[in-house]
Amino acid sequence: MPAPKKNPEPKPEASLTSPITILDGLGPKTARSFMKLGVFLLEDIFFLLPRRYEDRRYPKPLSDLVPGETACTIARVSDIDSYPGRTEAEIADDSGSAHIIWYTDKIARFVRKGMKLAVYGQLNDKRIDAVFMHPEFEIISPSRGTSLIGRIFPVYPGTADLSQRVIKKFVDLALDKYSVQCLKEFLPQRVLKKYGMMSLHDAVLQIHRPKDELTFIKARNRLAFDEFYLLQSGIIMRRNSHVGDTHAQILKPGGKFDAFMGSLPFELTEAQRVAGYEILADLEKPDPMNRLLQGDVGSGKTLVAVIAMLAAADSGAQAAFMAPTEILAQQHYIKLVKYLEPLGLRVALLTGSLKARERKKLLMDIFCGNVDIVIGTHAIFSQDVDFMNLALVIVDEQHRFGVLQRGALISKGKYPHVLAMTATPIPRTLIMSVYGDLEVSVLNELPAGRKRIQTISLRPQQFRKIPKMIREHAARHEQVYWVCPLIDEGERDLASVNDTCAKLRDILPELKIAVLHGRMPVNEKSAVMNEFSAGNIDILVATVVIEVGVDVPNASLIVIEDAGQFGLAQLHQLRGRVGRGKAQSTCVLLENQDITPDGKARLEAMVRTSDGFELAEQDLQQRGAGEICGTRQHGVTDFRVADLVRDEKILTLARDEARELMTDDPELKNEPEMKKEILHRLGRVLELAATS
Ligand code: ADP
Ligand code: MG
């Protein structure tokens, strides 16, 4: 390895955004390898976080070494021999001796008898005497100590063509040469003092060269705080820059609302009532509502949305209701027509499968205000859709929409009120960090009379129990979902819709069985769904197309094949297709032979609880938070240090501090460094957010 050129003078122009090739000895080839790690700029190298750390602080006397452990030591070479492809050495200190085996014959070229070595590595666990297996080592010269041990050692995420040694070399070079001039403090003094925070420079240094655990945690927390604090401040800054032109229409419930409430065949749940009030209160304000309605599957979110839409209709405005799938949009349409047309509301369905002529006519009606409520998929925000007076947007099953799509829909209205609905309990902290000031309403109870869904997990040998169960449900005129991972027999050994349907027709010839999957033409899908809703089909064998939102209260049994294949959130959603009526419902999870331990854990969780929040928590532990909103790919929740789940306390703190800061000094006149940092670091996020 060529020695880095001596050049102690820092180049004056270095900044966070300097390319890493500014580092001596880092040429285009190494730069390309670093690119694979997402490292382009000095900033990226400062924030290249170690994957883990090795505690090499305490060298062990040789007599204390334990077989199998990973240890470091300092000792003298008492013997060394080379063999083809192998070097063996004996080392000794005052306490005893040990062996080293390296799988290369080149070591003896540098290492000689009598030299002092620093050694770090794993000991053979088969032998009683201590043998280091191919350890890292460094020759200790009297003039220079060792960098290999005596401290906590970072281990970076690597790539095949970039060794730890090379990564470390350039990280160290960047830190030694440029960290002082690049890592300027930007946090307000007040905040630094209040929490006794470490400086930015020291915090970054500690990440790469931690002194001890406590100092490291302090450093990490400081950097996590930064990320939350900058994002929250940035969100407030963005919002402030819009102030003045964001008036939404004031919506108040009137005659149609009263008529609807009067005709409801059941009582609202207390939670629905509270959520309804919260929403109506928002709609009466000129600030656009930005509210998330969280409620477990079956908690009756649609009805709350109807309350909001009625307030819009009573105020002469239009509402859009967006669903993630065409089937769900259809189902909502059928329901809402039934609810709302008797009140004189004009409801329309806008999906991608409308014929050109129908579509043209519908677009005209929407544009002229001949339609009060438009239900649809993302087709609602195609370029050519214009509303006369869109004042309210409902987004059902919000977790399935990317942030950007949501932004596109909002741009359809001037500043419409937005109600997003989800059954996936997204932690409030996560929502906050993505959307800023989102209000949250929660439906934490199910309508009266619902019975807990009984959930059982069966192995393939127990399959024969199921036809009997189906017959019992069918005898009570209740219906059944049967969910398979695949449509056709596939390469993988998983149940398929077509296969299962044939099998079930064989076993249960007296029952009406139909299939439903994503590859069927849309009108065929809706025909089947309508037949099932009407009770004309006993068993619906389907893929996960039925996962969200589908509401057929008469269905009381769901069988999920190869259930270990599905994620927890998905399983919970699928289970939520039953238990929507008065009947006792059952969910059967069928295990595959080769279910993974993770899959098994998911099924166990499903059997143990039907609480969506508890399951979401589990899910979060397993998957990490970024996936929940589908925002990771948009970079919105891509924190480098912070973890939305683990660092909830820091986030709360950072948010409060950001609010205080932005209230006292909305334009950050007194904190120019902070402003610069926000614009720099969050440029990407703000760009994204600006589209909403
Ligand atoms: P989700 O929250 O999963 O979207 P839905 O809005 O589809 O739930 O409602 C589930 C079912 O419960 C529907 O059939 C709906 O008509 C019914 N429902 C909603 N609210 C009530 C209530 N207060 N009392 C009885 N049934 C209700
Ligand atoms: Mg729903």
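Which members of the range 63-111 meet the condition of being of a type in the set (Lys, Arg) and under 17 Å from Ile149 (Cα atoms)?
Arg76, the sole residue that qualifies.
Farther than 21 Å from Leu390 by Cβ and more than 16 Å from ligand 1 (Cβ to nearest atom): does that describe Asp258?
So Asp258 passes the test.
State the number of residues belonging to the range 195-248 that are modelled with pLDDT under 90 and among the β-branched types (Val, Ile, Thr).
4
When the range 312-338 is examined, which residues are found to be away from ligand 2 (no atom under 14 Å from the Cβ) and at negative phi?
Selection gives Ala312, Ala313, Asp314, Ser315, Ala317, Gln318, Ala319, Ala320, Glu326, Val337, Lys338.
Against the condition at pLDDT 50 or above, closer than 30 Å to Phe566 by Cα and crowded, with 18+ Cβ neighbours inside 10 Å, how does Met674 come out, does it pass?
no
Mind checking which residues of the range 79-137 are assigned to a strand (DSSP E or B), among the basic types (Lys, Arg) and touching a residue at least 40 places away in the same chain (Cβ under 8 Å)?
Selection gives Lys116 alone.
Can you tell me which of Gln164, Gln122 is within 24 Å of Thr21 (Cβ to Cβ) and polar (S, T, N, Q)?
Result: Gln164 is the single residue among Gln164, Gln122 that is within 24 Å of Thr21 (Cβ to Cβ) and polar (S, T, N, Q).
Can you name the helices (runs of 4 or more DSSP H) wholly within the range 288-391 that have at least 3 residues being within 29 Å of Leu438 (Cα to Cα) and not hydroxyl-bearing (Ser, Thr, Tyr)?
301-314, 326-340
Under the condition of being within 14 Å of Ser457 (Cα to Cα) and not small (Gly, Ala, Ser), which residue from the range 536-565 is nearest to ligand 2 (Cβ to nearest atom)?
Ranking the candidates gives Ile558 first.
May I ask you to say which residue of Met469, Met520 is hydrophobic (A, V, I, L, M, F, W, C) and without any contact (Cβ under 8 Å) to a residue 24 or more places away in the chain?
The unique qualifying residue is Met520.
Name the residues in the range 265-304 that are among the small types (Gly, Ala, Ser) and either in contact with a His (Cβ under 9 Å, 6 or more places away or on another chain) or more than 16 Å from ligand 1 (Cβ to nearest atom) (or both), would you?
Within the range 265-304, Ala281 is the sole residue that qualifies.
Scan the range 349-371 and report the pairs whose first residue is of a type in the set (S, T, N, Q) and whose second residue is part of a helix (DSSP H, G or I) and loosely packed, with under 13 Cβ neighbours inside 10 Å, with Cβ atoms within less than 9 Å and a gap of 6+ or a chain change.
Ser353/Asn523; Asn370/Met364
Please give the helices (runs of 4 or more DSSP H) falling wholly within the range 427-526 in which 2 or more residues are at pLDDT 90 or above.
Fully inside the range 427-526 and qualifying: 465-475, 497-507.
How many residues are surrounded by 18 or more Cβ atoms within 10 Å (Cβ to Cβ) and either in a helix (DSSP H, G or I) or out of contact with any helix residue (DSSP H, G or I) (no Cβ under 7 Å at 6 or more places or on another chain) (or both) when one looks only at the range 152-168?
Going through the range 152-168 one residue at a time, the tally reaches 4.
The values are calculated or read from the model by the stated rules, or taken from the named source; none is laboratory data. Please read these numbers as outputs of a predicted model, since none were measured by experiment. Backbone-built Cβ (ideal geometry, glycine too); neighbour counts: all protein chains shown.
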